[in-house]
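Participant: Here's a structure for you.
The values are calculated or read from the model by the stated rules, or taken from the named source; none is laboratory data. Not measured: the values here are computed from a predicted model. Glycine also receives a Cβ, built like all others from the backbone with ideal geometry; neighbour counts cover every protein chain displayed.
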Amino acid sequence: MNEAVVADAVHKTYGDTVALDGVDLAVAEGEVFGLIGPNGAGKTTLIRALTGTTSVTGEVQVLGEEPTAVDADRIGLLPQSFSPPARLTARELVDYYAGLYETARDTEAVLADVGLTETADSWYETLSGGQQRRVCVGTALVNDPDLLFLDEPTTGIDPAGRRALWDLLESLAAGGTTVVLTSHSMNEVQRLSDRVGLLQDGQLVAVGTPADLIADHGGQSRLVIGTDTDHEAADALQTAGFTAAAGASEVVVDDVSAIDIGEAVDVLSAAGISYDSLTWTEPSLEDVYLQLTGERFEGAMTPGASVVTEEPAESAAASPQPPVEGASTGGDK
Amino acid sequence: MSRIRRIRSEAVAAWHSFLRRRTAVFFTFFFPVILVVIFGALVRTQPTDGGLFAEPAAYYIPGYLATVVLFTPLSRVGSEIARHRDDNRFEKLATTPLRRTEWLVAHTIVNTLIIGLASLLILGLVLLLTDATVPVSGSLVMLVPFVVLAVVLFCGFGAVLGRLADSQDGVIAASNTIALPLLFLSDTFITLEQLPGWFSPLVELSPLTYFARGVRAITYAPAVGEPSSGPLLTLTVLAAVFFVAGAYAIPRTD
């Protein structure tokens, strides 16, 4: 497969600050590549390097050309913190950007894609923050680009709008559009991206599919059982082969798959141990992020996908807990 | 065709964006109007042997026109560039087929339309409120290239200011600082005889001087007959230089 984006040993400094420190990256045609990383990690600078809007050392190729030489009709960009010209309606803004290209998509179709048909005649300033961002996304789609750069596309968009935009991006990707996006929403990146790159301090510290990154860096799934008889519960579970540790009114069981939860509950029931709650957590991209960036707070655990069941403080044997099913994360890709 | 399409799209957006900013529209036209009313109608010119406003009213037509020809493009284009930079619009435009020259052409067209309308308003007010008369002849048409060239020149100048200043406030401050002395020291409101002898050569350095002299040769009866081709040629060369400098100054990267 051809590579739509290639970056080789890309460096960028602002004064004494190193923004990019030898970034190597290749994105295949048709791939959706997600860039994650802390604020100031270099995500926006890397997008600018790839779009030729900042000068860097090293080599960058976009669609086989240098970024400033590539056919602009094939590129779409949504910059971070972007505001279009004032006092124009959503329709006029899409029209305006469409007019800059040799050929462009139908304005009404673009407005429909970003869910702004009903507010198309409202001035940009009068739209909500989420609607404004959708207009901006629309301006990046007007030329039906082969390669789309989106720097935090869903910032400020409500959950419904965000999901609509995800659907749109998935349909673009299905149609062969290469997408490079940055986001602080791990759900978004995990759902949309074929591969993810984690930038930290200007370096690409990990690249892989979401599943591979989670497997390599996400840690184990975990079941936390709320119970006053924590030591007895831990002993029973250890005897049954689980890796369990007693804590303060809880037992933490590591490396438990969703289908093993029923077995753990059966062990507790058989031992006559009652419990208040069950919380199951499976590792997610957010755990990868926190693990690799070192930003995880001591003792914290991200509820990537958790199921909590509560039980009256009676013997579990009297009302055994059903196995917890369907508790997987939203990682569709 | 695609180049025209791009320029048209940029110009239409800029035109709508300007027309819908009521305060910007109001003050763009109010500023020259208030000058004409104050100096032309209230203070009135008093032909004597010296002092300010000692010439006949028509002598100051180039000065009144210069207020819009000079201030409007300097501040508007400069501010627009600062706004574009603050809002990352140039970052986006850099990935579209629109070229920097085309952007400046589009905004120059918009400024020409605005300033053309303002110039007509000023001329009408001067004739209405003062006792100025303008010799009616075919050479009045030559006002058009003088206004257009001056707008092109100061749009380019404004683009350079927008590049150099780091904020919209900076652009406004810089454009006022530059425009105010230019307005009064370019053979517009103050005659060369009123200036110290050593200063006169400096007047020749102001691009606005050539606009003022050319327009005066068309609109002020005692000056009619003086060649306007020299000022027009100089203004053409300066407009080309400033436009190229302005187009080059428009940011493409950070």
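Participant: What about A:Thr57, is it facing chain B (nearest Cβ under 9 Å) and within 16 Å of A:Ala7 (Cβ to Cβ)?
Facilitator: When the stated conditions are applied, A:Thr57 does not pass them.
Participant: Can you confirm whether A:Leu50 is within 14 Å of chain B (Cβ to nearest Cβ), within 24 Å of the chain's Cα centre (by Cα) and not aromatic (Phe, Trp, Tyr)?
Facilitator: Criteria met by A:Leu50.
Participant: Report, by residue number, each residue of segment A:84-119 that is surrounded by fewer than 18 Cβ atoms within 10 Å (Cβ to Cβ) and not β-branched (Val, Ile, Thr).
Facilitator: Within segment A:84-119, A:Ala86, A:Arg87, A:Glu102, A:Arg105, A:Asp106, A:Glu108, A:Ala109, A:Ala112, A:Glu118 qualify.
Participant: Go through segment B:45-144 and tell me which helices (runs of 4 or more DSSP H), entirely inside it, have 2 or more residues that are of a type in the set (Ser, Thr, Tyr) and in contact (Cβ under 8 Å) with a residue 24 or more places away in the chain.
Facilitator: In segment B:45-144, the matching helices (runs of 4 or more DSSP H) lie at B:61-86, B:100-129.
Participant: On to the next question. Kindly evaluate A:Leu172 against the criterion of being under 17 Å from A:Tyr101 (Cβ atoms) and either in the same structural domain as A:Lys43 (by TED's automatic domain parsing) or assigned to a loop (DSSP other than H, G, I, E, B) (or both).
Facilitator: Judged against the criteria, A:Leu172 is a match.
Participant: Out of (1) assigned to a helix (DSSP H, G or I); (2) under 16 Å from the mean Cα position of the chain (by Cα); (3) under 23 Å from B:Pro227 (Cα atoms), the odd one out for B:Ile172 is which?
Facilitator: Going through the list (1) assigned to a helix (DSSP H, G or I); (2) under 16 Å from the mean Cα position of the chain (by Cα); (3) under 23 Å from B:Pro227 (Cα atoms), B:Ile172 breaks only (3).
Participant: Same structure again: Can you tell me which residue among A:Thr139, A:Thr154 is within 20 Å of A:Ala104 (Cβ to Cβ), in contact (Cβ under 8 Å) with a residue 24 or more places away in the chain and not hydrophobic (A, V, I, L, M, F, W, C)?
Facilitator: Criteria check complete, one pass: A:Thr139.
Participant: OK, next. Hey, among A:Thr293, A:Thr227, which residue is of a type outside the set (Phe, Trp, Tyr) and modelled with pLDDT of 90 or more?
Facilitator: A:Thr227
Participant: Which of (1) in contact (Cβ under 8 Å) with a residue 12 or more places away in the chain; (2) over 26 Å from the mean Cα position of the chain (by Cα) is the odd one out, the single condition A:Thr44 does not satisfy?
Facilitator: For A:Thr44, the failing item is (2).
Participant: Suppose we filter A:Ala206, A:Ala211, A:Ala236 for residues that are within 17 Å of A:Val267 (Cβ to Cβ) and either surrounded by fewer than 17 Cβ atoms within 10 Å (Cβ to Cβ) or of a type in the set (A, V, I, L, M) (or both); which single one remains?
Facilitator: Within the list A:Ala206, A:Ala211, A:Ala236, the selection yields A:Ala236.
Participant: State all residues of segment A:184-193 that are assigned to a loop (DSSP other than H, G, I, E, B) and at pLDDT below 95; if no residue qualifies, say none.
Facilitator: The answer is A:His184, A:Ser185.
Participant: Between A:Ile75, A:Ile36, which is β-branched (Val, Ile, Thr) and within 14 Å of another protein chain (Cβ to nearest Cβ)?
Facilitator: A:Ile75
Participant: Now, a different point. Please give the number of the condition B:Pro251 fails out of (1) free of Cβ contacts under 8 Å to residues at least 12 places away in the same chain; (2) within 14 Å of another protein chain (Cβ to nearest Cβ); (3) not polar (S, T, N, Q).
Facilitator: B:Pro251 satisfies all of (1) free of Cβ contacts under 8 Å to residues at least 12 places away in the same chain; (2) within 14 Å of another protein chain (Cβ to nearest Cβ); (3) not polar (S, T, N, Q) except (1).
Participant: Scan A:Val56, A:Val70, A:Val32, A:Val60 and give me the residue that is under 20 Å from the mean Cα position of the chain (by Cα) and either among the hydrophobic types (A, V, I, L, M, F, W, C) or within 15 Å of A:Leu147 (Cα to Cα) (or both).
Facilitator: A:Val32
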